[in-house]
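Only one structure is covered here, and it is reproduced in the block below.
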Amino acid sequence: MQINEALIRSVVAQVLSEVGRSAGAPVAPKSFNGRNGIFTCPNEAVTAAREAFEQLQERTIEDRKRIIGHIRRISIDNCVELGTLEMQETKIGRLPHKIEKLKTLGERTPGVEFMRSEVFSGDHGLAVIEHAPFGVIGAITPVTHSLPTITGNAVSMLAAGNSVVVNPHPSGKKVAAEGVRRFNQAIHRDLGIDNLICVIAEPTLESANALFAHRGINMICVTGGPAVARAALKSGKRAVVAGPGNPPVVVDETADLDNAARCIIRGGAYDNNLLCIAEKEVFVVASVFDAMLAAMERAGAVRLNAREVDTLTKNAIVQVGEGEHKHDAPSKDFLGQDAAVLAKGAGKSISDKVELIFGETDLSNPFVPVEQMMPFVPFVRCRNVEEAIDRAKEAEHGFRHTSIIHSNNVKNMTRMGRVMDTTLFVKNGPCMASLGLGGEGYLSFSIAGPTGEGVTTPLTFTRERRCSLIDDLCILGQPKR
Ligand code: NAD
């Protein structure tokens, strides 16, 4: 009888492996390669993201640049297709702006070039401070910018060497998964690492809470309204919280009113007022109030009269919550809809081309305190700039997010800057100028007010590490020998 040595060796290997397994020997971990970041189970997503993070640790900074290059390219090249998907799924905002947001985030989100190290050099040697990744980050993203927030977060977090698991808003989950699938596929094909960006394809509050509590999540970054901001702060993990805003605008008697009107329309109408930094209510000093409203009309906005404002308010603002938590909120039928839809809700017919509608209200109108996220902006008449700034402070609710002034009086600008104490303070421009879009600075769609990091960058998602060499390499210093 002939003995097939190869067959015997393979049978013996199989038997030994079975014996080893039953004896508790380590089993190779299940690989999630090929999943392209799409998961339903938070635990699997975190395990896959951990595997990806460990692989990224072994790679060069140049590789990180290549990885981010894929995210940027897809975001820019596929902006029309993915922006259209986002519009169709979320049904809020304006299509050209959905497309533009993806392109802009692809082009301008800070990447590896924002990473840096600091050095202390002296008589006792050298200390180098380096910025190391946290590991796996759990991110929660809003419906107002589902894929754009994921794109910006992914570029910044991966530039710093992390991986991320995203729990998107349920109403933006499909575009979130499609974008993430494309990013991972390209990265996997080029660099052999899959799942650097994972997404929960069927997100719920339970899956968000599972990420908050998961031992494998090293840091949390949430972008959203008050409820998720509170939940993240209670999670017990290091949290970067990009919370809600209600940005007020002050216009004083020295302002260039035509420029102010153009800026308020540009910022307040963008994506139908979905931006958290967008102009939401305007306080104008009485001496230029009527001239300011005329400037708004000249710039293309349409004015509602008092009766129309009342009708819109009844239709577009609803009460939510129970008992002491009862409060005014934007109606889902109007949130993020076009100005023409809002005008219809006010009993007025206007052209589809109108970007913003506005009207005079008093302070008690709910459009003033509510973060309405619709292209109707209330204008409130104030006796003087002091009153306007005080009203602006009340309307902002202490979120310390964004505030805006149109003025040529540096004292008024200074006073408002001090009183408001907001993360972003814009003078004589539309809100987006503060993110480097028409002004100086850089871009992010996660602006962390409550936890203080401000406009997030790759450095936001790092841990400081110090590497000290004692009494050497201090070429200029003199160690005592
Ligand atoms: P939202 O608060 O309804 O939802 C945001 C995300 O949090 C979603 O994924 C949602 O599913 C999740 N979520 C909500 N409550 C939660 C809870 N208790 N536990 C865990 N997860 C929870 O907000 P939205 O309507 O999607 O987005 C608009 C809000 O986001 C506005 O308030 C806006 O100001 C804010 N926002 C802030 C920034 C910023 O950079 N600061 C950027 C964009 C949007």
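The values are calculated or read from the model by the stated rules, or taken from the named source; none is laboratory data. Computed from a predicted structure; not experimentally measured. All Cβ positions, glycine included, derive from the backbone under ideal geometry; neighbour counts span all protein chains shown. In case anyone asks, the SASA skips ligands and DNA or RNA and just uses the protein heavy atoms, side chains included. Shrake-Rupley method; radii C 1.70, N 1.55, O 1.52, S 1.80 Å.
When you scan the stretch 95-195 for strands (runs of 3 or more DSSP E) that lie fully inside it, which ones turn up with 3 or more residues that are away from the ligand (no atom under 13 Å from the Cβ), out of contact with any Leu (no Cβ under 7 Å at 6 or more places or on another chain) and modelled with pLDDT of 95 or more?
Once the strands (runs of 3 or more DSSP E) in the stretch 95-195 are filtered for at least 3 residues that are away from the ligand (no atom under 13 Å from the Cβ), out of contact with any Leu (no Cβ under 7 Å at 6 or more places or on another chain) and modelled with pLDDT of 95 or more, what remains is 125-133.
What are the pairs, 6+ residues apart or on separate chains, where a residue within the stretch 226-238 that is under 21 Å from His397 (Cα atoms) has its Cβ under 8 Å from a residue that is part of a helix (DSSP H, G or I) and within 8 Å of the ligand (Cβ to nearest atom)?
Val228/Ala208; Ala231/Ala208; Ala231/Asn209; Ala231/Phe212; Ala232/Phe212
Would you check if Ala343 is part of a helix (DSSP H, G or I) and at negative phi?
On the way: part of a helix (DSSP H, G or I): yes; at negative phi: yes.
Answer is yes for this residue.
Only one of Glu202, Glu206 is surrounded by fewer than 22 Cβ atoms within 10 Å (Cβ to Cβ), free of Cβ contacts under 8 Å to residues at least 24 places away in the same chain and either within 15 Å of the ligand (Cβ to nearest atom) or part of a strand (DSSP E or B) (or both). Can you tell me which? Don't jump to the end; show me each part of the working.
On the way: Glu202 fails: free of Cβ contacts under 8 Å to residues at least 24 places away in the same chain.
Glu206 is the lone residue from the list that is surrounded by fewer than 22 Cβ atoms within 10 Å (Cβ to Cβ), free of Cβ contacts under 8 Å to residues at least 24 places away in the same chain and either within 15 Å of the ligand (Cβ to nearest atom) or part of a strand (DSSP E or B) (or both).
Restricting to the stretch 104-156, name every residue that is touching a Gly at 6+ places or on another chain (Cβ under 8 Å), within 21 Å of Thr60 (Cβ to Cβ) and among the aliphatic types (A, V, I, L, M).
Ala132, Val136, Val155
Count, please, the residues in the stretch 238-273 that happen to be part of a loop (DSSP other than H, G, I, E, B) and over 19 Å from the mean Cα position of the chain (by Cα).
Step one: of the stretch 238-273, the residues part of a loop (DSSP other than H, G, I, E, B) are 238, 243-247, 252-256.
With the extra rule that they be over 19 Å from the mean Cα position of the chain (by Cα), the set shrinks to 252-256.
Qualifying residue count, the stretch 238-273: 5.
Please find, among Lys103, Lys91, Lys65, the residue that is open to solvent by 50 Å² or more (accessible area, probe 1.4 Å), charged (D, E, K, R) and within 17 Å of the chain's Cα centre (by Cα). Spell out how you get there, then give the answer.
Details: Lys91 fails: within 17 Å of the chain's Cα centre (by Cα); Lys65 fails: within 17 Å of the chain's Cα centre (by Cα).
Sole residue among the options that is open to solvent by 50 Å² or more (accessible area, probe 1.4 Å), charged (D, E, K, R) and within 17 Å of the chain's Cα centre (by Cα): Lys103.
Do we have Phe445 as farther than 15 Å from Phe114 by Cβ, at pLDDT 95 or above and touching a Pro at 6+ places or on another chain (Cβ under 6 Å) here?
For Phe445, the condition - farther than 15 Å from Phe114 by Cβ, at pLDDT 95 or above and touching a Pro at 6+ places or on another chain (Cβ under 6 Å) - is met.
For the stretch 211-250, give me each residue that is basic (Lys, Arg) and either more than 9 Å from the ligand (Cβ to nearest atom) or under 30 Å from Val385 (Cβ atoms) (or both).
Arg215, Lys234, Lys237, Arg238
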